[in-house]
Amino acid sequence: MIMVYSAARRVFTAILAMIAFFNNLVSVPSAKNTPEDAFSVVYADTVWGDLKLFLPERIDPQKPTDVLLTIHGGAWVSGSAKIFYEDCRAAAKAGYIAASMNYSKIFNGASASDMVNEIGLAISAMKADLEARGIQPGKLIMAGHSAGAHIMLLYAYAEYKHCPMDIAFVVSNCAAADFLIDAEKRESMVGKAAYLLMSGLTKEIVLPSTLERNAEAIRAITPLRLITPDVPPTIVVQGTEDKLISYQNSVALFKALQENGVDSVHITYEGAGHFLSSKGGSDVKDKFAADDARRGAAFYAFAEKYCSR
């Protein structure tokens, strides 16, 4: 049994290494693709090792300015910082320093631990860049969607004591809180690929028969199991008709936060899918306008309560 497991691990690792090699071979460093109204802050010597920094028009150098860091989704294998450019522009217009970070993926040979480590490096580099510009960074707000929300929660819940900036609160949009929730029913896309994803994110072969053996590694990639009374305040957001990551993830996440006494709210988009919209046409914006308003109200309520402004 051990020999078969070891052989499978070697094959799996070799496949990932080949994918990573060819993916990096044809990739263009993300720092070279920066919009004119943003700055690239390089935090690591990798293809995806930068974040895009958007600054408000006016910054008082004598006062701290709060920072919003966004982390994109893409199933841990794709996507880029550009997904959140418009959100960052809106945040900068509202007076926040805003950033959208790139990070390495499974196809780059990265594990969840690598991705979480890159978040820490990105925050350190961003803080240093702002200080070099004569800007005082204030409190840090972290927000992510899907895979980005997942690794954001891993960082915020496991590393908040070591973060270079004080985390005010976090916003989790459609995060995978526990892969095993979806693996049980296999109704969502993540559920159907749960063991493959857990294997890629842990760099171990994870199978139904090896869960006990993989317990520690699985815990490290499961935000739900990292919650303590001290983790940052959290806004949990998800649509009830999410077919990529089951809605039960946000239900379980919010329940665990409440049980631990963590200040948290659960914003449910009734009838919305993974991207917080429906398959409809022009009526989509109006259909979820009330949900958008509730999410916005929760954000500003948390900002007023926990930020420097």
Next on the checklist: Please state the shape class of the stretch 173-309: rounded when a/c is under 1.5, otherwise prolate if a/b exceeds b/c and oblate if not, all from the C-alpha gyration tensor.
Outcome noted: oblate
Checklist entry - When Lys127, Lys63 are ordered from fewest to most other Cβ atoms inside 10 Å of their Cβ, what list results? => result Lys63, Lys127
Checklist outcome for this item: When the charge dipole of the stretch 2-306 is computed with +1 on Lys and Arg Cβ and -1 on Asp and Glu Cβ about the Cα centre, the Cα farthest towards its positive end, among Ser246, Leu207, His150, belongs to Leu207
Next on the checklist: In 20 Å bins starting at zero, report the fraction of Cα pairs in the stretch 2-306 per bin as a rounded %.
Outcome noted: 33, 59, 8, 0
Next on the checklist: Cross-link candidates for Lys185: which aspartates and glutamates have Cα within less than 16 Å, leaving aside residues fewer than 8 places away along the same chain?
Outcome noted: Glu241, Asp242
Next on the checklist: For Glu57, Glu270, which order do you get if you count the other beta carbons within 10 Å of each Cβ and list the fewest first?
Outcome noted: Glu57, Glu270
Next on the checklist: Whole angstrom only: what separates the Cα centroid of the stretch 168-208 from the Cα centroid of the stretch 222-237?
Outcome noted: 16
Checklist outcome for this item: Karplus ³J(HN,Hα) for the stretch 245-255 (6.51 cos²θ - 1.76 cosθ + 1.60, θ = phi - 60°; Hz, whole; x = Gly/Pro) runs 10, 5, 4, 4, 4, 6, 4, 5, 5, 5, 4
Checklist entry - Once the Cβ-Cβ distance between Asp292 and Thr228 is put in as r, and R0 is 41 Å, what FRET efficiency do you end up with, to the nearest 0.05? => result 0.85
Checklist entry - Karplus couplings for the stretch 181-191 from phi (6.51 cos²θ - 1.76 cosθ + 1.60, θ = phi - 60°), rounded to Hz, Gly and Pro as x? => result 4, 7, 5, 5, 9, 6, 8, 9, 5, 5, x
Checklist entry - With a 10 Å Cβ neighbour count serving as the proxy for reagent exposure, in which order, fewest first, do Glu187, Glu118 appear? => result Glu187, Glu118
Next on the checklist: Residue by residue through the stretch 158-168, what is 3J(HN,Hα) from phi via Karplus (6.51 cos²θ - 1.76 cosθ + 1.60, θ = phi - 60°)? Round to whole Hz and write x for glycine and proline.
Outcome noted: 9, 10, 4, 6, 9, 5, x, 10, 6, 6, 6
Item to check | Amide H contacts of Gly138 (H built 1.01 Å from N, under 5 Å, at least 5 apart or other chain) | outcome: Thr65, Asp66, Val67
Checklist entry - Rounded, prolate or oblate: which one fits the stretch 184-246, using the alpha carbon gyration tensor with axes a ≥ b ≥ c (rounded when a/c is under 1.5, else prolate when a/b beats b/c, else oblate)? => result oblate
Checklist outcome for this item: Within the stretch 2-306, the percent of DSSP beta bridges that are antiparallel, given to the nearest 5, stands at 25
Checklist entry - When the dipole is taken about the Cα centre of the stretch 124-218, and only Lys, Arg (+1) and Asp, Glu (-1) are charged at their Cβ, what size is it in debye, to the nearest 20? => result 160
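Every number here is computed from the coordinates shown, using simple stated rules; none is lab data. Only a predicted model underlies this, so the values are computations on that prediction, with no experimental measurement involved. With ideal geometry, Cβ positions are generated from the backbone for all residues, glycine too; neighbour counts draw on all protein chains shown.
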